[in-house]
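Reading through the structure tokens given below for one structure.
The values are calculated or read from the model by the stated rules, or taken from the named source; none is laboratory data. Fair warning: this is a prediction, and the values are worked out from it, not measured in the lab. Cβ: placed from backbone, ideal geometry, glycine included. Neighbour counts: every protein chain shown. These accessible areas exclude ligands, DNA and RNA; they are computed on the full protein's heavy atoms, side chains included. Shrake-Rupley method; radii C 1.70, N 1.55, O 1.52, S 1.80 Å.
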Amino acid sequence: LQGIFVLGLPYALLHSGYSGLFLIILAAALCCYTGKILIACLYEENEDGQLLRVRDTYEDIANACCKKLSPKLGGIVVNMTQVMELSMTCILYLVVSGNLLSHSFPYVPVTEKTWSVIAFVTLLPCVFIKTLKIVSKLSQLCSLVHFIIVIVVMTYCLTQIHQWSWAKFRLSIEFEEFLVSVGVIIFSYTSQIFLPTLEGNMKNPGEFRCMLNWTHFFACVLKTTFALTAFLTWGEEAKEVITDNLPSFLQTLVNLCLLTKALLSYPLPFFAATEIVYACISRGDHSNYRSPLFALGVRGSFLLLTLLMAMFIPHFALLMGLTGSVTGAAMTFLLPSLFHLKLKWKKLFFLEKCADISVFILGFLCSFAGIICSIKGLLEVFG
């Protein structure tokens with residue numbers, strides 16, 4: 001919930017004004033709610049009224065909802081959506097790595113795309129990652145680096161408090177730019193893909209709802225504080241990656257920390273995506289698909305694909321907005337509410353049904369509008 005994409009929030013506030021602050025809070029509340037109802041879909045009551053965990057993954061929930069139409073259709077749709085979102089996350093890490101290197105060494109005659117290739121070379125060992133044990137150690141280092149970055153940026157912003165002015169906030173906003181900001185904010189909260197596995201591995205799953213409440217609360221406070229202090233410091237000059245606004249003596253240091261964080265963050269979505277792809281391909285009795293060499297080929301092909309995409313779409317905020325609108329809204333709002341209604345309809349109270357339907361409609365509208373505006377923005381950039 002506190003990833004590198006927090007850096008795009010001040011830019012989102014630039015285009016959403018006061019409503020952006022409300023959206024950061026609303027998105028936290030809605031994502032927390034959909035996380036809870038998604039986990040509720042893993043459980044069914046037995047004859048004694050006790051809740052039993054009868055499903056393990058997002059895919060299992062989707063298959064249960066679509067079993068009358070097609071036993072595996074729901075799982076296929078969910079897996080495709082998950083792979084798309086995880087792929088976009090990996091691509092964004094490469095894009096932002098190129099951006100950070102370009103701004104850290106402006107006097108080196110190398111293009112941003114070339115810097116992305118250099119960052120890609122350092123990620124080649126990812127093809128040899130076979131377990132989450134290595135990924136978890138990298139994630140611990142990533143968290144430490146993130147803490148350092150936030151402290152440095154916010155400390156600098158506080159030294160500029162004499163320049164802060166609420167007049168920097170817009171009262172009137174451009175509708176299309178606002179919708180792109182919605183996608184950026186949604187994408188900064190997406191975590192539903194990992195929740196079934198997380199809840200299943202908790203020592204006490206009964207504490208899941210409490211954990212979700214507190215983590216989303218603190219994430220909301222930190223995101224709001226960071227975005228607000230950064231925007232009040234730079235206002236209209238806020239850039240897509242807010243660290244680009246720092247003075248040169250800090251920018252290089254922070255950008256190198258961010259680069260380290262981006263590279264350390266890459267293995268988790270990469271591992272998750274390749275595991276899904278490999279599991280889908282290797283199902284059945286085809287022994288050739290289960291060989292270590294084939295698994296290595298899948299990981300290598302996926303790694304190369306993320307580089308090619310990063311080379312063709314090097315626009316951090318627009319790509320994040322598009323991803324948030326397409327896969328983020330689907331996995332975070334549309335599917336959890338739809339699955340909850342399908343599996344629990346007879347047991348839900350009227351207000352719970354209204355809440356699920358409202359979340360679904362809101363998610364659909366945000367997704368549809370955000371897709372159109374983000375694509376239009378990308379076309380304008382390439383045009």
Whole-number percent relative contact order across the chain, with pairs defined as alpha carbons under 8 Å at least 6 apart: 34
Given the DSSP H assignment, sum -39500 (n - 2.57) over each helix run of at least 4 residues in the chain and divide by its residue total; what's the result at 222 nm in deg cm²/dmol, nearest 500? -23000 deg cm²/dmol
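Roll a 1.4 angstrom probe over the protein heavy atoms and tell me the percent of accessible area of region 5-382 that is carbon or sulfur.
Details: 12790 of 18390 Å².
Of the solvent-accessible surface of region 5-382, carbon and sulfur hold 70 percent.
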Listed residue pairs exceeding 19 Å between alpha carbons, taken from Lys36/Lys347; Lys72/Lys346; Lys203/Lys261; Lys203/Lys342; Lys67/Lys342: Lys72/Lys346; Lys203/Lys261; Lys203/Lys342
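Average the reciprocal distances over every distinct pair of alpha-carbons in region 84-198, invert the result, and give the Kirkwood radius in Å. Before the final figure, lay out the partial values.
Details: mean 1/r = 0.0554 Å⁻¹.
Final number for the Kirkwood radius of region 84-198 is 18.0 Å.
Considering every pair of different Cα atoms, what Kirkwood radius, in Å, is found for the chain? Don't jump to the answer; show the numbers that get you there.
Working: mean 1/r = 0.0458 Å⁻¹.
This gives a value of 21.8 Å.
Using the Kirkwood radius over Cα pairs, work out the Stokes-Einstein diffusion coefficient for region 217-275 at 20 °C and 1.002 mPa s, in µm²/s as a whole number. Write out the running numbers ahead of the final one.
Numbers: Rh = 13.5 Å.
It diffuses with D of about 158 µm²/s by this estimate.
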For region 270-276, Karplus couplings with θ = phi - 60° (6.51, -1.76, 1.60), whole Hz, Gly/Pro x: 4, 4, 4, 5, 5, 5, 5
Can you list the residues of region 19-38 with backbone N under 20 Å from a point 7 Å past the Cα of Trp166, pointing along Cα to Cβ? 19-26
Tabulate in residue order the Karplus-calculated ³J(HN,Hα) for region 61-66, using 6.51 cos²θ - 1.76 cosθ + 1.60 with θ = phi - 60°, rounded to whole Hz; enter x for Gly and Pro. 4, 4, 5, 5, 6, 10
Any idea what angle helix 208-234 forms with the longest principal axis of the chain, computed on alpha-carbon atoms, 0 to 90 degrees, nearest 10? 20
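Given the peptides 243-251, 149-157, arrange them by the average over their residues of other C-beta atoms within 10 Å, most packed first.
149-157, 243-251
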Tell me the chymotrypsin sites (Phe, Trp or Tyr not before Pro) within region 56-113 that lie in a loop according to DSSP and have at most 13 other beta-carbon atoms within 10 Å. Tyr107
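About its Cα centre, how strong a charge dipole does the chain have in debye, to the nearest 20, once Lys and Arg get +1 and Asp and Glu get -1 at the Cβ? Can you show the working numbers first?
Working: 26 positive and 23 negative charges, 135 e Å.
The dipole of the chain has a size of about 640 debye.
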What is the angle, in °, between the Cα long axis of helix 112-122 and the longest principal axis of the Cα atoms in the chain? Nearest 10 is fine, range 0 to 90. 50
Provide the packing ranking of 110-120, 43-53, i.e. peptides ordered by the mean count of other C-beta atoms within 10 Å per residue, highest first. 110-120, 43-53
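Heavy-atom accessible area per residue, region 5-382, 1.4 Å probe: how many Å²?
Values: 18390 Å² over 378 residues.
Per-residue value: 49 Å².
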To the nearest 10 degrees, how steep is helix 292-312 against the longest Cα principal axis of the chain, on a 0 to 90 scale? 40
